[in-house]
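Visitor: Sharing a structure here in structure tokens format.
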Amino acid sequence: MFFSGRQHAGENLAEVLKHRAAELPPAIQMCDALSRNLPGKLETIVAHCLVHARCQFVEVYDRFPGQCHHLLEALAMVYRNDAWAREKGLSPGERLKFHQQESGPGMRQLHEWLMLQLDEKQAEPNSDLGGAIRYTLKHWETLTLFLRHAGAPLDNNLRERALKKAILHCKNALFYKTPNGARVGDPLMSLIYTCQLNGINPVKFLIELQKNTDQFTAIPSLWMPWNYRENRNKA
């Protein structure tokens, strides 16, 4: 979902969560560690992006190759495991158990190694490497939510790629001319990208909604990009 305006990400998320059914459990929120990403008093299960932590070590690799290589190899193991889980089509619960068995021991060793770097002064706390280590340790629980909560992603890459579409739109359209234009354009951009994620032609999808207005209006949840073809055939 794309939003244009003066609100920060957490305020936009709060507006969305207000419409979430009260009986549902808290949603998993994947983001970086900026406080303005949080939706205030509304509860979410926060997961922080492993790639954001990883990038801090990539940026200082030339100066600290040995230590950075150790961390990058440890995270590569986690990503290999996650790729295998996707390839095998594991359910969220099965993926959780798999990561706990295969990624958990390595991540515990990594945590001990990071602590050791600071405790034994193998990394200067105020250096760029020390800053990367301190960031990772500070957010360890949220960076490793995938080891404790079914369905928790490893990183925010999917959303990062989605933002490129908004940036491209701004470049092509030179931004929205008026706030009303943004109110019209944001839902359309959200719909277009959702259709693409589901392998659906957004124009054809909108045409089908027009053809089946009564059914769509009666039960909108049956006419989403991920399930409308199945229900169209029943209409």
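Visitor: Fewest first, what order do 111, 69 take by the number of other Cβ atoms within 10 Å?
Guide: Working: 111 16, 69 12.
Ascending number of Cβ neighbours within 10 Å: 69, 111.
Visitor: Please work out how much length the chain gains when fully extended from residue 204 to residue 168, using 0.36 nm per residue of separation minus the C-alpha to C-alpha distance, in nm with one decimal. Let's see the in-between values first.
Guide: On the way: separation 36, 0.36 × 36 = 12.96 nm, distance 2.27 nm.
Length gained between residue 204 and residue 168: 10.7 nm.
Visitor: Could you give me the ³J(HN,Hα) list for region 7-18, computed from phi with Karplus coefficients 6.51, -1.76, 1.60 and θ = phi - 60°, whole Hz, x at Gly and Pro?
Guide: These are the phi-based 3J(HN,Hα) values: 7, 7, 4, x, 5, 5, 5, 4, 5, 5, 5, 4 Hz.
Visitor: Normalised by the number of residues in region 84-214, what is the relative contact order in percent for Cα pairs under 8 Å and 6+ residues apart?
Guide: Over region 84-214, the number comes to 19 percent.
Visitor: Here's another thing I want to ask about it. Under 8 Å for C-alpha pairs, at least 6 residues apart: give me the relative contact order for the chain, rounded to a whole percent. Each step should come with its number before you reach the end.
Guide: On the way: 199 pairs, mean separation 50.6, N = 235.
After rounding, I find 22 percent.
Visitor: How would you classify region 94-166 from its alpha-carbon gyration tensor, with a ≥ b ≥ c the square roots of the eigenvalues: rounded for a/c under 1.5, else prolate if a/b is greater than b/c, otherwise oblate?
Guide: Details: a/c = 3.45, a/b = 1.31, b/c = 2.64.
Because a/c hits 1.5 or more and a/b fails to exceed b/c, region 94-166 counts as oblate.
Visitor: Also: What aspartates and glutamates does residue 121 reach when the alpha-carbon gap must be under 19 Å and sequence neighbours fewer than 8 apart in one chain are set aside?
Guide: 112
Visitor: Relative to the longest principal axis of the C-alpha atoms of the chain, give the angle of the C-alpha long axis of helix 92-102, reported between 0 and 90° and rounded to the nearest 10°.
Guide: 10
Visitor: How much mean residue ellipticity at 222 nm does the chain get from its helices, if each DSSP H run of length 4 or more adds -39500 (n - 2.57) and you divide by all residues, to the nearest 500 deg cm²/dmol? Intermediate results must be reported in sequence, preceding the final value.
Guide: Details: 12 runs with 143 residues, N = 235.
Rounded to the nearest 500, the figure is -19000 deg cm²/dmol.
Visitor: Residue 127 to residue 97: extension gain in nm, 0.36 nm per residue of separation minus the Cα-Cα distance? If you can, show how the numbers build up before the last one.
Guide: Working: separation 30, 0.36 × 30 = 10.80 nm, distance 3.67 nm.
Answer, rounded to one decimal: 7.1 nm.
Visitor: From Cα pairs below 8 angstrom and at least 6 apart in sequence, can you work out the relative contact order of region 40-135, rounded to a whole percent?
Guide: Numbers: 43 pairs, mean separation 27.6, N = 96.
This gives 29 percent for region 40-135.
Visitor: Among 177, 165, which comes first, then next, by fewest other beta-carbon atoms within 10 Å? Could the numbers behind the result be given before it?
Guide: Numbers: 177 9, 165 15.
Neighbour counts put them in this order, fewest first: 177, 165.
Visitor: Moving on. How many nm is it between the label spots at residue 141 and residue 177, if each spot is 7 Å from the Cα in line with the beta carbon?
Guide: 5.1
Visitor: Quick one: angle between helix 50-59 and the longest Cα principal axis of the chain, in degrees between 0 and 90, rounded to 10, please.
Guide: The helix 50-59 is inclined about 50 degrees to the chain.
Visitor: Straight-line reach from residue 177: which lysines have a Cα under 29 Å away, not including same-chain ones fewer than 8 places off?
Guide: Here the lysines satisfying the reach criterion relative to residue 177 are 18, 164, 165, 204.
Visitor: Can you tell me the length gained on complete extension of the stretch residue 41 to residue 226, counting 0.36 nm per residue apart and subtracting the Cα distance?
Guide: Details: separation 185, 0.36 × 185 = 66.60 nm, distance 3.13 nm.
Going from the current span to full extension adds 63.5 nm.
Visitor: Can you list residues whose amide H is under 5 Å from residue 2's amide H, if they're 5+ apart or on another chain and H is modeled 1.01 Å from N?
Guide: 190
Visitor: Label residue 211 and residue 23 with points 7 Å out from Cα along Cα→Cβ: what is the distance between them in nm?
Guide: The answer from the label model is 3.5 nm.
Visitor: Taking R0 as 41 Å, what's the FRET efficiency between residue 197 and residue 118 from their Cβ-Cβ distance, rounded to 0.05?
Guide: Working: r = 41 Å, r/R0 = 0.99.
Efficiency for this residue pair is about 0.50.
Visitor: What net charge do the residues around residue 92 carry, taking every other residue with its C-beta under 15 Å from that of residue 92, with Lys and Arg at +1 and Asp and Glu at -1? Show your work: numbers first, answer last.
Guide: Working: positive: 86, 88, 95, 97, 148; negative: 82, 94.
Once all neighbours under 15 Å are counted, the net charge is +3.
Visitor: Tell me the angle of helix 157-173 to the major Cα principal axis of the chain, expressed in degrees between 0 and 90 and rounded to the nearest ten.
Guide: 60
Visitor: Given R₀ = 41 Å, what would the calculated FRET efficiency be for residue 6 paired with residue 90, taking r from the Cβ atoms and rounding to 0.05? Working shown, then result.
Guide: Numbers: r = 41 Å, r/R0 = 1.01.
Given R0 = 41 Å and the Cβ-Cβ separation, E is 0.50.
Visitor: Using modelled amide H (1.01 Å from N, peptide plane; none on Pro or chain starts), what sits under 5 Å from the amide H of residue 47, excluding residues fewer than 5 places away?
Guide: 29, 30, 31
No lab work stands behind these numbers, since they all come straight from the coordinates. None of the values given here were measured: they were computed from a predicted structure. Every residue, glycine among them, receives a Cβ derived from its backbone with ideal geometry; neighbour counts consider all protein chains shown.
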